[in-house]
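Notes follow the structure.
The values are calculated or read from the model by the stated rules, or taken from the named source; none is laboratory data. Every value quoted in this text rests on a predicted model; they were computed, and no experiment measured them. Cβ sites come from the backbone with ideal geometry, for glycine too, and all protein chains shown count toward neighbours.
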Amino acid sequence: MLVVLIAVTSLAGCSSEPSLTAEQTKLRDQFLSSQPIEGKVQTPTDIKETADLPPDQIPPDEPVVIAGRIDAGDFEPFSKGEATFVMSQLPDEGHGEDDPDHADNCPFCKRTLQNAPKVLVRFQGSDGEIIPTGADELFGLAKDDVVVVKGDATFDSAVGTITVNATKIHRQ
């Protein structure tokens with residue numbers, strides 16, 4: 001009986017969700033949206049193409065809404081101790097939607113996804129510094145999750161990467 005009691009009490013403290021401090025919970029609640037984010041959802045390729053426009057055709061700086069899959073290819077998408085992650089473009093909606101392996105087998109999809117820029121998503125505190133808690137821990141995210149983020153985006157053509165200083169995130 002004592003062994004069963006010890007086993008039950010030791011399991012009671014186990015949880016798949018990491019425990020967050022009050023400050024981390026406040027930050028999670030500030031950024032994480034349980035509702036879909038409103039606005040025109042763009043792809044990383046859309047953001048890159050906008051950045052490539054002549055200066056007089058670039059829309060005024062406004063927050064973007066961008067969708068993608070948490071994925072950094074052969075690398076870990078999350079940074080330890082920083083609320084950042086890398087996201088990749090999703091296959092085009094409706095194109096091969098009945099085939100889960102379509103994007104891997106379609107030459108058009110493969111080329112589009114390979115040429116799409118990666119997106120570095122960052123969450124900053126009120127001091128402008130990146131929040132010192134992993135985004136996976138803070139928001140309960142995992143590799144391959146599909147997310148939509150809203151924030152200010154910049155495209156760095158030298159490295160072909162978009163950086164988003166996120167103000168909201170929604171996991172689909």
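Numbers for the structure displayed
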item: Where a residue in the stretch 114-137 is touching a residue at least 60 places away in the same chain (Cβ under 8 Å) and its partner, wherever it lies, is of a type in the set (A, V, I, L, M) and in a loop (DSSP other than H, G, I, E, B), with Cβ under 8 Å and at least six apart; result: Phe123/Ala83; Phe123/Ile131; Gly125/Ile131; Ile131/Ala83; Thr133/Leu20; Thr133/Ala83; Glu137/Leu20
item: Pick from the stretch 148-172, criterion out of contact with any strand residue (DSSP E or B) (no Cβ under 6 Å at 6 or more places or on another chain) and part of a loop (DSSP other than H, G, I, E, B), ranking: surrounded by the fewest Cβ atoms within 10 Å (Cβ to Cβ); result: Ala158
item: Residue in the stretch 17-38 that is modelled with pLDDT under 80 and not aromatic (Phe, Trp, Tyr) present; result: yes
item: Members of the stretch 128-147 that are surrounded by fewer than 19 Cβ atoms within 10 Å (Cβ to Cβ), out of contact with any Asp or Glu (no Cβ under 8 Å at 6 or more places or on another chain) and in a strand (DSSP E or B); result: Val146
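Conditions tested, residue by residue: (1) assigned to a loop (DSSP other than H, G, I, E, B); (2) modelled with pLDDT of 75 or more.
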site: Phe85; (1), (2): no, yes
site: Glu93; (1), (2): yes, no
site: Pro100; (1), (2): yes, no
site: Leu113; (1), (2): no, yes
site: Ser126; (1), (2): yes, yes
